[in-house]
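Notes follow the structure.
Just so you know, all these numbers are worked out from the coordinates, no wet-lab data involved. Predicted, not measured: the structure shown is a model, and the values here were computed from it. Positions of Cβ are backbone-derived with ideal geometry, glycine not excepted, and every protein chain shown enters the neighbour counts.
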Amino acid sequence: MGDCDLSDTNRINWKIGGAQGSGVDSSARIFSRACALAGLWVYGTREYYSNIKGLHSYFEVRLSPTPVNCKVDGVTFLASFDAETLIRHAETVENSGAIIYNNTVLQTPIEKVDTINMEVRQRVIRRLESGGFTPDVAGIIKEAEGRGIHIYPVQYDDIIGQTAKKLGETQLSRLNKIINVLAASFSGALLGLDRSYMFKAIEQTFASKQKIIQMNVEGAAIAYDFTENNFKEKLPYSIVPIKNSERIYISGNEAVALGKLVGGCRVQTYYPITPASDESEFLEAHEYFNVSGGKGSILVVQTEDEIAAITMATGAALTGARAGTSTSGPGFSLMVEGMGWAGINEVPVVITLYSRGGPSTGMPTRTEQGDLKFALNASHGEFPRIVICSGDVKECFYDAIRAFNYAERYQLPVIHIVDKGLANCNVTITPLDASAIPIERGKLITPDGQHQQPYKRFLFTEDGVSERAVLGMPGYRFWNTGDEHDEMGHINEEPDNRVRMMDKRMRKLETADKEIPVEEKIAIFSDQKSVDLTIVSWGSSKGAILEVMELLKKEGVAAEFLQIRTASPFPVEQVKKYLSRAKLIVDVEQNYSAQMAKVIAEKTGIMIENVIVKYNGRPISLNELYQAIKLVISAPRKNRRVVLTHGA
Amino acid sequence: MVLKLTDVRTDLFNDWCPGCGDFGIEASLQLALTEMGIDIDKVVLFSGIGCHGKIVHWTNTFGIHTLHGRTLAFAQGAKLANPGLEVIALGGDGDGFGIGAGHFVHAGRRNIDMTYIVHDNGVYGLTKGQASPTQRLGEQTKSLPQPNINSGINPILLALSTGYTFIARSYAFNTRHLKETIKKAVSHNGLALVDVLQPCPTYNDIETKAWYDGEDRRDASGKAVPRIYDVNSQGYDPVVTSKMPQEDFDRKIEQIFRLSNEWGNKIPIGVFYQEEDRPTYADRILQRIPTYVEMPPAKQDIFGTDNKSVVDLAELSRELAIDATEI
Ligand SMILES: Cc1ncc(C[n+]2csc(CCOP(=O)(O)OP(=O)(O)O)c2C)c(N)n1
Ligand code: SF4
Ligand SMILES: [Mg+2]
């Protein structure tokens, strides 16, 4: 395929694996931060089972001298401490790549690693045996060596022992935790990254915990010494520090959380669920913060279930506080009735929907975009809602702010969809701008305002939006009910009133459609006058699509990318405009049935014939998308459906 | 301003069945509101779904008629966001102990300063009389095709075990007692439960007004001998403090256990449990967010000039910053 060779200066795809709970995450974060300190851009993805300790997890970190937003197939450098990582991932390392492994696992028979699915074990054993290798880790290493991969055996226990000695620590077990820093340090040393970056990354990661910093810095230094003394051979690729602008290292969850704080969210309710709770935990850890002229706070409430989460947030919103809740599919399912209540009572409430593999518990820790149609339609009866979908980490932040603005301007529930791939990616970005999006509270009454008596919470208006008072506002008494109601908010089942009230509520969506600027509804990526290919997508697929377009451009294929950012109100005219003049359209989505393509068909009448879908729970890689798009271009046809399958 | 009953009533048509105990609850609540001298603009009533739910529409305060079983969750959200509100949640027994039982339990754990009044009529009124969670095993109210196959729950003990700090029972047709109980519950600093025995003349033909009033039992002079009696006027003291000796506390709990299970010939009403010194949810938040009460979520300014966010984002994202200055 095209120019996807990553084994080059500063273009490195680093992977670390290990048992859940063994420090894979912190190792990757420290390594990422060290590289970011050296000026590189980092895109990291985290893959894990729904398990706390023992099952395999891994973290891939893509380094680049320019910003990147997707993963790639080949691994340049694999760091490991256990047998399982080698059995699962040695295969993915490129021929000129590198592997660090723990000496002590060499004799482990593959048969014995029972955390790996039996079929997978057998496949690996067959592969080794047919290549003439022993069916154990030693065989894996031999096989890799045969492919020209650079192999680095290390003795983690030794280094831990040396560190303990240096620190005068007699209890070795106290130091076991530094193994993750050792893996990062061996990697950094082999890749030529100066140790000062690693030390700084350790300091920044453990912030004020002096003892932990000292222990880890000591271990890192010994790991660097060991590497420099024992492995003299230079790798054909390395990390070379570059000058770069100011950046932050952040995940999708954190970006949403910061967006909520900046956007004025002051009550967040949640019931724990992956991959949503990280956001609420970040908020709780930052519940008391600085604002101009004093202190601000957010009240984070862990509720008894998601029904309480949505209804409590709605109760809070009735007081005028901006309130939100975060969940994923199973929790969102429980919120549906509550959301309908907020819909009929025109309460601004924001639901961040982290989408993961469904249905039921599905694949709790894996990514999927299977909830689009559910988010659009979840309800008995009809009520207006706004649905927005973020495509990258920066959008997560800005969309979180926009969500609250929309909710208050149109007085309705807003669903903000963030897929797991996005929530759990850890990336470097330029700093976020707190004042880029002004806070707009719509027709929220300021108590000194004029109003007619009696105050009518649901006054019929041309744009469908009525002046909104909040609980406790003297002179603005109102009623709410989940029953159909009159302008005062009292139960009313008269047919005329029903029609007028339905019209009023639904009209708000038309108002929103008119008022929301085009660029907040769709994004067009194209620098060419005439295009051969129009790619349509939404959510986290954005990163891979943009990079594929660069590859295509080098080959002379002019492509444009239409990103749907607002799925309700659906930007009918704008999407029609682009798609009706497109030569070849391909829809890219991470679900089974190409849900957005179906929504487009429903809204515009345009049927997209070529779809690329992925639903194995793993994010789209650059390589597989590139190949799939090439396939579509070379032979477009009716009802072509390409299924992507990359991922471990 | 001294409020009259007409100030706290709307003029909407009340469609409860004639003789429904809900009328007694409505009158007692509204009287309590007029007599308490509280700022009526700060009062918010929440209700669930069931016959009881319409009470908020008959009452001239902020009134939020929520979903079946969710009154407590909505109400807690509002109170947490604006602790300056006087929040009273009302619910049915099916609403609160059936579909909303989870919220009932967890509200106790939080001990938010508000009041919860349950219209306890032993049936699902609005869906035509099915057995509610408080109906007793083997009872067969009017519309049950078969006798009730489940045991009834004991709301007093459930509340006690989950952390409610004020637990009372009253009777819908003893307006004076109910009104006074509601006043105490509202004044209580913490989560207060008032379980109100509420005759449903349409579907509950067992626990009727006549039955509670003891019309079927007459003394020598021919006067009815009521089943309901006031425990507090008989000397029972509900007050519990964290400083009281363990044995006294244990004795109180035993007493509550016994009293709350009394049924049939003698049915106690009154305050069963009252604990003033357990920290409320607001007290607990204050430990972490010192500005919570003066600047709760509902009162914070979220933007400044040019509608710009007031949040100091640089400070908030300091730990995320890649600060390479000292390398
Ligand atoms: C989720 C849901 N399930 C069922 C119903 C139907 N429903 C309406 S009222 C009610 C029972 C009401 O009983 P209770 O809470 O005891 O109130 P009461 O009518 O006796 O005052 C039920 C089951 C509903 N509204 N919502
Ligand atoms: S059904 Fe029972 S509870 Fe409902 S209004 Fe009639 S009497 Fe009252
Ligand atoms: Mg009932």
Pop the C-beta distance of residue A:118 and residue A:50 into the FRET formula with R0 = 22 Å and round what comes out to the nearest 0.05.
0.70
What percent do you get for the relative contact order of the stretch A:9-57 when only Cα pairs under 8 Å and 6+ apart count?
47 percent
For chain A, averaging the sequence separation of alpha carbon pairs under 8 Å that lie six or more residues apart and dividing by its residue count, the contact order in percent is 12 percent
In a Gaussian network model over chain B where Cα atoms closer than 10 Å are linked, find which of B:166, B:257, B:13 has the largest mean-square fluctuation.
B:13
Taking each residue of A:263-271 in turn, how many C-beta atoms of other protein chains fall within 10 Å of its C-beta, and what is the average?
4
Once you've got the GNM for chain B with C-alpha springs shorter than 10 Å, pick whichever of B:144, B:197, B:316 has the biggest mean-square fluctuation.
B:316
Using only atoms on other chains, find how many Cβ atoms lie within 10 Å of each Cβ of peptide A:436-447 and report the average.
2
Paramagnetic label zone (point 7 Å from Cα along Cα-to-C-beta, residue A:377; backbone N under 18 Å) in the stretch A:385-417:
A:385-388, A:415
Among B:54, B:308, B:42, residue whose mean-square fluctuation peaks in a GNM of chain B (springs only between Cα atoms under 10 Å):
B:308
Nitroxide proxy distance, nm - points 7 Å out along Cα→Cβ at residue A:107 and residue B:243
7.0 nm
Using a 10 Å cut-off around each Cβ of peptide A:487-499, what is the average number of partner chain Cβ atoms that fall inside?
2
Looking at the protein assembly as shown, send over the antiparallel percent of its DSSP beta bridges, to the nearest 5.
35 percent
Given an 8 Å cut-off on Cα distances and at least 6 residues of separation, report the relative contact order of the stretch A:250-429 as a percent.
28 percent
Are there any trypsin sites (Lys or Arg not before Pro) in the stretch A:182-255 that are in a DSSP loop and have at most 16 other Cβ atoms within 10 Å? List them by number.
A:209, A:232, A:234, A:243
Need the C-alpha centroid separation for the stretch A:528-544 versus the stretch A:464-480, integer Å.
45 Å
Spacing of the two label points (7 Å from each Cα toward its C-beta) at residue A:497 and residue A:558, in nm
6.0 nm
Given the rule -39500 (n - 2.57) for each run of at least 4 DSSP H residues, summed and divided by the residues of chain B, what is its mean residue ellipticity at 222 nm, to the nearest 500 deg cm²/dmol?
-8000 deg cm²/dmol
Could you name the lysines in cross-link range of residue B:209, using Cα to Cα under 23 Å and dropping any fewer than eight places away on the same chain?
B:54, B:128, B:142, B:179, B:223, B:266
Between residue B:307 and residue B:215, what FRET efficiency comes out of the Förster formula 1/(1 + (r/R0)^6) with R0 = 56 Å and r the beta carbon distance, rounded to 0.05?
0.25
A chain fully extended from residue A:145 to residue A:463 at 0.36 nm per residue, minus the present Cα-Cα distance, gains in nm 107.5 nm
Using modelled amide H (1.01 Å from N, peptide plane; none on Pro or chain starts), what sits under 5 Å from the amide H of residue A:345, excluding residues fewer than 5 places away?
none
Of A:577/A:598; A:209/A:243; A:553/A:614; A:508/A:603; A:577/A:614, those spanning more than 21 Å from alpha-carbon to alpha-carbon:
A:209/A:243; A:553/A:614; A:577/A:614
Be a star and scan the stretch A:288-302 for residues whose amide nitrogen sits under 16 Å from the point 7 Å along the Cα-to-Cβ vector of residue B:294.
A:289-297
How far apart, in nm, are the 7 Å Cα→Cβ label points at residue B:230 and residue A:211?
6.1 nm
Can you give the FRET efficiency for residue A:360 and residue A:96, using 1/(1 + (r/R0)^6), R0 = 45 Å, r = Cβ-Cβ distance, to the nearest 0.05?
0.55
Is any residue of the stretch B:279-298 close enough, with backbone N under 17 Å, to a label point placed 7 angstrom from the Cα of residue A:289 along the Cα-Cβ axis, and if so, which?
B:289-292, B:296-298
